[in-house]
Structures are given as C-alpha cells and as structure tokens.
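Contents: one structure, followed by commentary.
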Amino acid sequence: MPRADTLRAMGALRAAVLFDVDGTLIDARGAGRRALARAASVAFAVPERAAGEALAAIDFRGATDRGITLALATALGRRPGERFPELLEAYVRFLEEEMRAAERRLLPGVGALLAQLEARRQISVGLLTGNFRRAARIKLAPFGLDHLADRPGGFGEDGLDRRDIARAAVRRIGALGIPPRRVLVVGDTPRDVRAARAAGARAVAVASGWTPRDELEGCGAEIVLTDLSEPHSLLGLVDGMNSQS
C-alpha cells in the first residue's frame, strides 16, 4: 500500500508539500525541449529545425505540457490535438534518450530538503507540475526521485492551465484529509504561485530556475528563496501547517 494511503488509514497525514519539477527540483539542460522538437518532426513530418525554432518562441516558464504542445502545433500550422497520441509517444521515447545524454543536475539543496520532509511522517510529499506524469517520471528517474510522480499531486494531464492542475492536485490531497490551507506549493515561477493561490493553497517561490528573484518577490509567495540549500523558513512554514488544527 502506498505511503500516503497507509498514513491516511492511520489518520496521520496533516499537510502536503508539492514541488514543481523543472527549475525547482532539477535542471534537465533542455532535454525536454530537444525531445519535443524531435517528436514534432516525427509526428507532424516537419524538419526538426523548424520545430525547434517554433519551440524557441514559446515561454516554457511555468507552462504546461498541454499548453506547449498546443502552441507548437499551432505554430506549425496543425490543428489543436492533431496527431497528439503520436506526438506524446514520440516525446516520451525521445525524452528518455535526451535525459540519458543530458548533463542534467539536481538543483542545490533538493536532496537534503526532500530527506527532511520525508522524515516528517505526517507530511505528504509530491509534485505539482505542468509535465505529463510520464514525462515527470522520466525526468526525475536519473536522480532516484521518480517515485514522487506516483504520489498524489497534479500533472499536465489535469489541464491546459496550471491553475486547473493545482485545483486537481488540491482535490487529490483533500481525499487524504488535508485541507487546501495545509497544502504548500514550491515552484520557480509566478505561474506556480498564482496556481497555488487559485486553488486555496500556500506558495513558496524559489529563484533556482529562469525567473529573476525580484520578479518572484512581487508575485504573492509567502517566502522567496534563492535556492533550496537553506530551507529553514520553508521547513518552519511546513511545521506550522503541520501543527494547525
């Protein structure tokens, strides 16, 4: 039985922390973008260079896989949803290849923070990401973190808009007996923060991705961190949620 289900049966879960993936937990060094360009070349029968140029015009910061693939299809003159199953299957296949080849890295402090959160047995730790669940699993597997994709959370399949993904995640966490006010979202873009707030959750922003810290300072996060290597204030927020009645 999964850990969250076990703790739920015990009535022990008190709070949840949900992480974005790219720019928050890992830097995949462009593996996803390269894999999607290759996938579009196969699915849409266009030159890979044309697909890459179309992707270069899309802002990936806080975007969702659904939104990115829709924008890509439109830029390449395809109808929304056209050949989507073929595109997704090719993307997943190429993403595995690109992640093996990429000089990917775990971002500062991530391993230690996750260990500290997992040691807090009343906390559910999972993901709130625009990545499709399969893509999130592939991206995290090289770091031994792919189990996070199997926990209650939110993924790219849940909506075109990140706010819809956050609402879906909060509903799943709610099924564990955790109300939105005890759900903390950690992400590296204003979209992460806005999505959390739209779902009634709390938010911490971390400037380890591609959004400048001063931009994050004004987006409504309760805490803004340079990276996750000094997580004392974040852990204090989690412990405070854990003690709420």
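Within the shell defined by Cβ-Cβ distances under 13 Å, the residues around Glu89 carry a net charge of +2, with Lys and Arg each +1 and Asp and Glu each -1. Per-residue 3J(HN,Hα) values for region 83-93, derived from phi via the Karplus relation 6.51 cos²θ - 1.76 cosθ + 1.60 with θ = phi - 60°, read 6, 4, x, 5, 4, 5, 5, 5, 4, 4, 5 Hz in sequence order (x marks Gly and Pro). Phi angles across region 98-114 convert, under the Karplus curve 6.51 cos²θ - 1.76 cosθ + 1.60 with θ = phi - 60°, into 3J(HN,Hα) values of 5, 5, 5, 8, 6, 8, 5, 8, 7, 6, x, x, 5, x, 5, 5, 4 Hz, Gly and Pro given as x.
Along region 200-217 the Karplus relation, 6.51 cos²θ - 1.76 cosθ + 1.60 evaluated at θ = phi - 60°, assigns HN-Hα couplings of x, 8, 9, 9, 10, 9, 10, 8, 9, x, 10, 10, x, 4, 5, 5, 5, 4 Hz to successive residues, with x for each Gly and Pro.
Of Ser41, Ser243, Ser124, Ser229, how do they rank once you tally other Cβ atoms within 10 Å and put the fewest first?
Listed from fewest to most nearby Cβ atoms, that is Ser243, Ser229, Ser41, Ser124.
Structural descriptor for region 92-245: relative contact order 19 percent, calculated from alpha carbon pairs under 8 angstrom and at least 6 residues apart. Looking at the chain alone, DSSP beta bridges between its own residues are antiparallel in about 10 percent of cases.
Near the amide H of Leu127, within less than 5 Å, lie the amide hydrogens of Phe19, Gly154, all on another chain or at least 5 residues away, with H placed in the peptide plane.
Among Arg197, Arg83, Arg172, which one shows the biggest mean-square fluctuation in a GNM of the chain, springs joining Cα atoms closer than 10 Å? Result: Arg83 has the largest fluctuation of those listed.
Per DSSP H run of at least 4 residues, take -39500 (n - 2.57); add these up for the chain, divide by its residues and hand me the 222 nm value, nearest 500 deg cm²/dmol. Could you put the intermediate results ahead of the total?
Values: 11 runs with 117 residues, N = 245.
Taking each H run of at least 4 residues, the total per residue is -14500 deg cm²/dmol.
Here each label is just a point 7 Å from Cα along the line to Cβ, and for Ala141 and Ser243 those points are 4.2 nm apart. The label point for Leu235 and the one for Arg100, both projected 7 Å from the Cα toward the Cβ, are 3.8 nm apart.
So what's the net charge close to Gly52: Lys and Arg +1, Asp and Glu -1, counting the other residues with Cβ under 14 Å from its Cβ?
On the way: positive: Arg33, Arg34, Arg38, Arg49; negative: Glu48, Glu53, Glu98.
After counting each charged neighbour, the total is +1.
Remark on Asp188: its backbone amide H falls under 5 Å from those of Val206, a criterion applied only to residues 5 or more positions apart or on other chains, H modelled at 1.01 Å from N. Note on the chain: with a GNM built from Cα contacts shorter than 10 Å, the maximum mean-square fluctuation among Ala90, Ala16, Ala119 falls on Ala119.
Here's the picture: charge each Lys and Arg Cβ at +1 and each Asp and Glu Cβ at -1 in the chain, and of Asn242, Ala28, Gly177 the one pushed furthest to the positive end of that dipole is Gly177.
Taking amide hydrogens as placed 1.01 Å from N in the peptide plane, the amide H of Ala203 sits under 5 Å from those of Val185, Glu222, each at least 5 positions away in sequence or on another chain.
Values quoted throughout were computed directly from the atomic coordinates according to the rules given, and no laboratory measurement underlies them. Worth saying up front: this structure is predicted, and the values here are computed from it rather than measured. Here the Cβ is made from the backbone with ideal geometry for all residues, glycine too, and neighbour counts use every protein chain on show.
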